[in-house]
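The values are calculated or read from the model by the stated rules, or taken from the named source; none is laboratory data. Everything quoted here is computed from the prediction, not taken from an experiment. Don't worry about glycine lacking a Cβ; one is built from the backbone with ideal geometry, like all the others, and counts go over all protein chains shown. The protein model used for the area step is the full one, side chains on, heavy atoms only, and it has no ligands, DNA or RNA in it. Shrake-Rupley method; radii C 1.70, N 1.55, O 1.52, S 1.80 Å.
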Amino acid sequence: MTAPDEAAGSDRRKEPAGSDCRKEPAGSDRRKEAAMNGRGEEAAVNGRGESEVVLKLEGVVKTFPGVRALDGVELEVRAGEVHCLLGQNGAGKSTLIKILAGVHHADEGSISLLGRPFAPASPQAAMRAGIATIYQELDLVDELSVAENAFLGHEESRGGFLRRRATAARTREILGRLGHPQIPPRRLVRSLPAAGKQIVSMARALSHDAKLIVMDEPSAVLAHDEVENLFRIIRELTSHGIAVIYISHRLEEIRDIGDRVTVLKDGRTTAANLPARDTPTRELVSRMTGRTIEYVFPPRAAAARGKPLLEVEGLTREGEFADASLTVRAGEIVGIAGLVGSGRSELLETIFGARRADAGTVRVDGKVIRSIGAAVRHGVGMAPEERKSQALLLDEPIYRNMTLSSFSGYARGGFTDAGREREAALRTADQLELRPRDVSRPVRTLSGGNQQKVVVGRWLLDKTKLLLLDEPTRGVDVGARAELYQVIHDLAAGGVGVLLVSSEVPEVLGLADRVLVMREGHLIHEAPADEIDEDTVLDLVMAGSLMEGEPA
Amino acid sequence: MTDQSTKPGVPAQSPPVDAGVAASLPRQSWWKSDGADPVRRNLGLVGVLVVLVIIGIVTRPELYGDAGWVTDNVWTILQQASAIGVVTVGMTFVIIGGGIDLSVGAIVAVAGVWSTTLATQSYGTAGMIFTAIVVGVVVGLINGVLISYGKLVPFIATLAMMVAARGLAAQISGKQTQVSSNTTINDIASTKILGIPMLVIILALVVAAGWVLLNRTTFGRRTVAVGGNVEAARLAGINVRLHTVLLYALSGLCCGIAAIMLTSQATSAQAAMANLYELDAIAAAIIGGTLLSGGRGTIIGALFGVLVFSTITNLFAINNLSTEVQNMVKGGIIVAAVLVQQFRYRSLTQLFGRKPTS
Amino acid sequence: MTDQSTKPGVPAQSPPVDAGVAASLPRQSWWKSDGADPVRRNLGLVGVLVVLVIIGIVTRPELYGDAGWVTDNVWTILQQASAIGVVTVGMTFVIIGGGIDLSVGAIVAVAGVWSTTLATQSYGTAGMIFTAIVVGVVVGLINGVLISYGKLVPFIATLAMMVAARGLAAQISGKQTQVSSNTTINDIASTKILGIPMLVIILALVVAAGWVLLNRTTFGRRTVAVGGNVEAARLAGINVRLHTVLLYALSGLCCGIAAIMLTSQATSAQAAMANLYELDAIAAAIIGGTLLSGGRGTIIGALFGVLVFSTITNLFAINNLSTEVQNMVKGGIIVAAVLVQQFRYRSLTQLFGRKPTS
Amino acid sequence: TSNDPGENTQINTNAGGDNKNAAPGQKVVIGFSAPAADHGWVAAITNNAKAQAGAYQDVEFRSVEAGADAAAQRAALSTLIAQKPNVIVLLPHDGKELNAVGLQAMRAGIPVVNLDRAFPDRGAYRLQIKGDNFGMGLAAGTYIGEQLKAKGVANPIIGEIPGIDSLELTQERTRGFNEALAVYGFKVANRRPAEFTADTGQRAATEILQALPKIDALWNHDDDQGIGVLAAINQTNRKEFIMVGGAGSKAAIEAIAADNSPLKATVTYSPSMASSAISLARLIGQGKGMADLVELQVPKEITLASETITKENAAQYSKLGF
Ligand SMILES: Nc1ncnc2c1ncn2[C@@H]1O[C@H](COP(=O)(O)OP(=O)(O)OP(=O)(O)O)[C@@H](O)[C@H]1O
Ligand SMILES: Nc1ncnc2c1ncn2[C@@H]1O[C@H](COP(=O)(O)OP(=O)(O)OP(=O)(O)O)[C@@H](O)[C@H]1O
Ligand SMILES: O[C@@H]1[C@@H](O)[C@H](O)OC[C@H]1O
Ligand SMILES: [Mg+2]
Ligand SMILES: [Mg+2]
């Protein structure tokens, strides 16, 4: 996380951070191959850090009805570098890359690609010009196979007929490069977990011979080990002279993988080309947010342990998780760590009543809960993992999304009270630093991180006694994260029990009183948060799969 | 925002710098706001209506010169719109809630035929109205249960119901037109209250009730939620299945009411009545701005949609267009009406939306 | 898979750290695999067909005892399914691509009527076939352009087209049934090749071509993408608008072919022909497993859907059920057919799908 | 029109006894098919056929439902032909569309009696019994012409409410109507088709009454939809015109007799043709001729006359109303 002592977080994984940030290509034969593939090896390294400018933006402006999303952006990306884009939620990062990808068109300003003016009319044009993009929101077609998704729009075909074997082979090759040779190219994407989908997105980006690959928060849905894998791939790409624009809210990632950083704030470049490793966190944060954040995880007064609020016993869903037992007390924050796919979301959803358990019981305040209705009636709330598909009404205004689980509470005799709903929503919006603050806006127009705040905000409004949070900070910026953590703490201090799932181990450790570790559907470890450290958690999480190889 | 900074436990902040955000939010006039979107669309439909009336005036000035005739004509158009209008209100709810109801015409027919069998007529006015409404609601409930609990796609479930209910109506009626000899029912169509035809009053009441239900009640909010994102609605604690059942029952209720209205107008009911109402109702709802995929729609828009259709028919009638020309022109008008809505929307956005950037 | 790692150009890998993804990828048997999903669903439909035939055998043993009659009956069922089957193939593409085409019946009528006007007939067989196909494709193109470039909702655009095209057909035909005096066309319906009726062969060819197009060409895969996730398709560089236009043109093409088939069967064409084909085609596609919201569907399933309908009709005919009973039963069978598919699917998933976790 | 389909059928029981043809003869299996009845007239056709067949001991009546459209009827008929009845009586959805089936049956040696909607091909039927659609329009037009001439109306405003407009029979009726009116120098001012149902009749009538603030005469092609037409007239309180109906339903005949509405006459197109068709099909099956004719066989074509029912002769027709 963005702890002020960023060194502690990033050192462990960081490679020797020489002034030369180009990594040595893995082998010379490969270098030839890359050249043959037209990857422009010579373009990559023509001197120490003085590689060719691939992309240059000057004074780029983009307006949406009512919003000036970009307001004079400057950006310069060089061949073979990882250029990080930083900025708060809504700063305009995704808008910027969508302009590069030909999805949006800039209203003003100039863009040049490899020295030539560049204004892609369509995604196709951008791709042809050598820009591949991994979007923030997954852009896959569920009913197509992995291979078909990877090559969608530029299929391997002869006379309109698919060359299925060739497609599969090329996909397999790319998946191999991505470290995932085990994903069957003909598997439907629908059946892949989120991380698997992210890999397919990356496979698609690699299926183009791109000079510039743009990645919009690729790590948001990835677990720890997957992020490492992602970085390995990025290093491989840059070693071939490919430029990467990397967006993430996790500052330690930026230190790990980034070469230079450009910071956006409110659609303007507030700092350009900062060295990724050496710029103090404090500076990055203040450039982004216009303020400094002293600490991220608020200090926790030893939690006054209340009575058991949630009691889960022997909960099982075949194929997903088995025999899960846990307790959350009033005023306690319990975190669950684990790999993506280890069954945490499923467990949370089953506790909430959204999935039917095959065995076991869930009690809240001693009463058995079997359905969502019962859960909500007993004061349980859940912020699900996938905001778009599971939580939001994109066309409805923010305030109605915020009150989705509580509007009956504001209603009188079945008649809703928009005024009170709006007020309440506005209060939460302020609490979470929602941008823009206008709660009548449709959620669709919010940036990803702000949408996430709406999802979490929903349960802050309600008279929630027990809050189930599934990846609550996914895509949320540093500043807002701090706010969100504070809110969670305040809730706990007020006697609310919190059960939190997060793929970011530091978040679990920093926020929770007690930590549960889940692996392959089993809760394998439990410890107070101050008696366990990140390495131990990671070892526990990974051990199974590393040692056993084949999943059960 | 500022009040937050003094709260205990909140990290010390340098003064919140959100001037930029404020700057990036040019003040929106209400007109351009998203809330005004349905109003803008409906204005488009009003524009279409105005154009249709103007065409009427131009083509038949002698008729439009007569004030009495014009008033009469307005009532005629509204009366012709009344039964289908009521059905469309129910349909709009179903569509907003993420479904579709192909059986509305058939439900009107069963309800109408059942309430006009000799046996039912013997129970008098109340018996007939009660029967029509109960039949409508029950058939709607069956639809809802098939969809909610049987997990059938709405299209298929209600298509099956459409076929079956028409069959049932034919069975009940012995394929004969059932003449209503109940004068109270028959008189509904000719009664005026304060100069306003009773059928129009019924339509107005149903539309008003529908509007309130959709926009001011928790039921309406649930409908939008269920249609907009079922999973989100479910995870927010809404009983999606029950709500779906209620939506189809509501549509059935509207069909029951419409059955009485139509029976009164035709002083009879028969198995083939309300033929293709499903298409008309869906089309009216969609022209009125309801999203076929659910989650968005307006009752007033749906009403305008119905009015556009019945005004077109009226225009054809006063100009004595032949059926085939009528149909060709109608296709064109439908397309034009929708294009006009879009045009207004976009042009307004362009006119007022983009201030020259500095 | 391992052979890949030695290929030049692939970097040496750190041991694949994909426990997360791998763990959540339970091994699938083919039966449970995604690829088998349509097959599973279709087996449900085959089951329904078998049950229908069994009912036929039980109710009319004397007919089913006669092998010659049975063969004949199979051909009859398939012939009855042929024209609507061809239309359904086009409809399936449109629906998978995220649209809907309510104008198919009307297109068949315009194409049929146009190709049988005296003027067209004077050009002979080729002229008639050419006309039907060109008319179908052109009307389809207009649909596509209205939807793609006019940004009309498919439901409304094709509804408008349905109304307009029926009007046009009435206009062209002067509301008279146009008798075909072209014996080549008329003979299509009675010709058999190697004992197989020509109409059935045409249906088989169209279905085969549709299957290949959907499953083996870029066009087909892009159709799935456009219907499943337009935004993703657009981002992948697919020309969504053009593709949409082509989909409706394809549907129009199928209608043109069906027009010839129907004309041949009826040795005539008229404005009201292919009445309500849109509903039948949509229903068949959906029963066959096509998602009404787009992005998923199979051609074979759609064919089975059509066959279920024409087998039901055949069953009614040989048992001479009265129309009203027919309709009531048909509604029930549709519901049952869909439930059967779901049942099979779910129960199989339960039987084989979930291995107990250790 | 009433609740009970069995009631008021028009059949010939040959009770007179002096008809040699009435005597039971060789057994005849008659296959029958008519479009699904969603409307009184068609329902009456099927009921009449059934009742007439029931009146003969030597007739076995096998009716096949025709389904929703020509294609469905075609399918139903193939199964009927396969069962080899002695004669087929057929009211097709559309004569031209089902012509081929007629040919097929005739080729298979089954004589076809074509009812109402004519096959164009003379080889497709053994006997054709039609109502006179053109004559119906002619009769309606003539009645209206005479009435208006008698009243001395110079430029009368005349409305017309046909049935389903895309049907050829509707076109023929309209042609007959226009031709008759032309004789008087009159023409139709407005024409709004309905769909043979009461609710669409009401709709069309409301529109026409709105479009024509004053009317002198109105012809409604079909008495079933006429229920709705009369309702609309009632609702708008208009009685300045005379109205003529079509087909001759019981309700219409009663209203004419009562003379308390604008409905002054109706021109017949009687579903009794179905009863006659069965009787003649039986004779064809038995190889007999019509007793009153010299010919040994039943003739090839019969077109029924369309009669005009008015207050004066209503009593006579009341038992023929369906
Ligand atoms: N289609 C749109 N219509 C209206 N406003 C939009 C649209 N897309 C983005 N915006 C607005 O533009 C601004 C920039 O959004 P953008 O998605 O680029 O932010 P971001 O930097 O990617 O944020 P995050 O880190 O949360 O993903 C936001 O205020 C957002 O609300
Ligand atoms: N909808 C269907 N119903 C019945 N059988 C089908 C259907 N679709 C395909 N089949 C048959 O099942 C087999 C597998 O179909 P599928 O489309 O999955 O083939 P495939 O594309 O070769 O599969 P893969 O992409 O996994 O190689 C095909 O041989 C085909 O004949
Ligand atoms: O010819 C019939 C006509 O008289 C009746 O009114 O409607 C149905 C037609 O088949
Ligand atoms: Mg973003
Ligand atoms: Mg998860």
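Summary table
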{"quantity": "Out of D:Ala291, D:Ala255, sole residue that is at pLDDT below 95, among the hydrophobic types (A, V, I, L, M, F, W, C) and closer than 30 Å to B:Thr184 by Cβ", "calculated": "D:Ala255"}
{"quantity": "Checking C:Phe352 against (1) at pLDDT below 90; (2) open to solvent by 40 Å² or more (accessible area, probe 1.4 Å); (3) within 14 Å of chain B (Cβ to nearest Cβ); (4) in a helix (DSSP H, G or I), the condition it does not meet", "calculated": "(3)"}
{"quantity": "Filter result for A:Ala272 (more than 14 Å from chain B (Cβ to nearest Cβ) and either modelled with pLDDT under 90 or not in a strand (DSSP E or B) (or both))", "calculated": "no"}
{"quantity": "Test: residue in region A:318-325 that is within 14 Å of chain C (Cβ to nearest Cβ), away from ligand 5 (no atom under 16 Å from the Cβ) and touching a Gly at 6+ places or on another chain (Cβ under 8 Å)", "calculated": "yes"}
{"quantity": "Breaking point among (1) within 9 Å of chain C (Cβ to nearest Cβ); (2) without any contact (Cβ under 8 Å) to a residue 40 or more places away in the chain, for B:Ala317", "calculated": "(1)"}
{"quantity": "All helices (runs of 4 or more DSSP H) inside region A:353-458 with 2 or more residues being within 9 Å of chain B (Cβ to nearest Cβ) and under 28 Å from A:Gln198 (Cβ atoms)", "calculated": "A:387-390"}
{"quantity": "In region D:92-128, residue farthest from D:Ala247 (Cα to Cα) [restricted to those that are more than 14 Å from every other protein chain (Cβ to nearest Cβ) and within 12 Å of ligand 3 (Cβ to nearest atom)]", "calculated": "D:Leu115"}
{"quantity": "Complete set of residues in region D:246-257 that are open to solvent by 10 Å² or more (accessible area, probe 1.4 Å) and over 16 Å from D:Ala231 (Cα atoms)", "calculated": "D:Lys250, D:Ala257"}
{"quantity": "Criterion: without any contact (Cβ under 8 Å) to a residue 24 or more places away in the chain, over 11 Å from the mean Cα position of the chain (by Cα) and within 13 Å of chain D (Cβ to nearest Cβ) - qualifying residue of C:Leu279, C:Leu262", "calculated": "C:Leu279"}
{"quantity": "Candidates A:Leu152, A:Leu113 - the one that is within 16 Å of ligand 2 (Cβ to nearest atom) and over 30 Å from A:Thr473 (Cα atoms)", "calculated": "A:Leu152"}
{"quantity": "Condition check for A:Gly475: within 13 Å of another protein chain (Cβ to nearest Cβ), open to solvent by less than 10 Å² (accessible area, probe 1.4 Å), touching an Asp or Glu at 6+ places or on another chain (Cβ under 7 Å) and more than 16 Å from ligand 2 (Cβ to nearest atom)", "calculated": "no"}
{"quantity": "Selected residue [more than 14 Å from every other protein chain (Cβ to nearest Cβ) and at pLDDT 95 or above] from D:Thr266, D:Thr174", "calculated": "D:Thr266"}
{"quantity": "Filter pass, D:Asp165 being more than 14 Å from chain B (Cβ to nearest Cβ) and either more than 24 Å from B:Glu324 (Cβ to Cβ) or open to solvent by less than 60 Å² (accessible area, probe 1.4 Å) (or both)", "calculated": "no"}
{"quantity": "Leading residue by the ranking (nearest to ligand 3 (Cβ to nearest atom)) among those in region A:91-120 that are within 14 Å of another protein chain (Cβ to nearest Cβ) and closer than 15 Å to A:Glu137 by Cβ", "calculated": "A:Val103"}
{"quantity": "In region A:91-109, residue nearest to ligand 4 (Cβ to nearest atom) [restricted to those that are over 27 Å from A:Gly290 (Cα atoms) and open to solvent by 30 Å² or more (accessible area, probe 1.4 Å)]", "calculated": "A:His104"}
{"quantity": "Positions within region B:311-329 being surrounded by fewer than 23 Cβ atoms within 10 Å (Cβ to Cβ) and within 20 Å of the chain's Cα centre (by Cα), in sequence order", "calculated": "B:Ile312, B:Thr313"}
{"quantity": "Wholly enclosed helices (runs of 4 or more DSSP H) of region A:143-240 bearing at least 3 residues without any contact (Cβ under 8 Å) to a residue 24 or more places away in the chain and open to solvent by 10 Å² or more (accessible area, probe 1.4 Å)", "calculated": "A:164-177"}
{"quantity": "Hits in region A:338-387 (condition: within 23 Å of A:His522 (Cβ to Cβ), within 16 Å of ligand 5 (Cβ to nearest atom) and of a type in the set (A, V, I, L, M))", "calculated": "A:Leu339, A:Val340, A:Leu347, A:Leu348, A:Ile351, A:Ala354, A:Met382"}
{"quantity": "Of the criteria (1) outside any loop (DSSP other than H, G, I, E, B); (2) open to solvent by less than 20 Å² (accessible area, probe 1.4 Å); (3) within 16 Å of ligand 2 (Cβ to nearest atom), which one C:His243 fails", "calculated": "(3)"}
{"quantity": "Single condition A:Gly373 does not satisfy, out of (1) over 17 Å from A:Leu309 (Cα atoms); (2) touching a residue at least 60 places away in the same chain (Cβ under 8 Å); (3) surrounded by fewer than 17 Cβ atoms within 10 Å (Cβ to Cβ)", "calculated": "(2)"}
{"quantity": "Neighbours by Cβ (under 9 Å, 6+ apart or cross-chain): first from region D:75-96, within 16 Å of ligand 5 (Cβ to nearest atom); second of a type in the set (Lys, Arg)", "calculated": "none"}
{"quantity": "Candidate set: region D:40-95, residues that are assigned to a loop (DSSP other than H, G, I, E, B) and acidic (Asp, Glu); chosen: the one surrounded by the most Cβ atoms within 10 Å (Cβ to Cβ)", "calculated": "D:Asp94"}
{"quantity": "Criterion violated by B:Ile133 - all others in (1) buried (at least 24 other Cβ atoms within 10 Å of the Cβ); (2) modelled with pLDDT of 95 or more; (3) aliphatic (A, V, I, L, M) satisfied", "calculated": "(1)"}
{"quantity": "3 or more residues within 16 Å of ligand 1 (Cβ to nearest atom) and touching a residue at least 60 places away in the same chain (Cβ under 8 Å): qualifying strands (runs of 3 or more DSSP E) within region A:74-138", "calculated": "A:82-87"}
{"quantity": "Which listed residue, of D:Gln73, D:Gln57, D:Gln26, is facing chain C (nearest Cβ under 10 Å) and more than 23 Å from D:Ala247 (Cα to Cα)", "calculated": "D:Gln73"}
{"quantity": "Subset of region A:386-417 (residues that are more than 16 Å from ligand 4 (Cβ to nearest atom) and open to solvent by 40 Å² or more (accessible area, probe 1.4 Å))", "calculated": "A:Ser389, A:Asp395, A:Arg400, A:Ser408, A:Gly409, A:Arg412, A:Gly413, A:Phe415"}
{"quantity": "Answer from D:Arg175, D:Arg191, D:Arg203 - the residue that is surrounded by 24 or more Cβ atoms within 10 Å (Cβ to Cβ), away from ligand 2 (no atom under 16 Å from the Cβ) and of a type outside the set (A, V, I, L, M, F, W, C)", "calculated": "D:Arg203"}
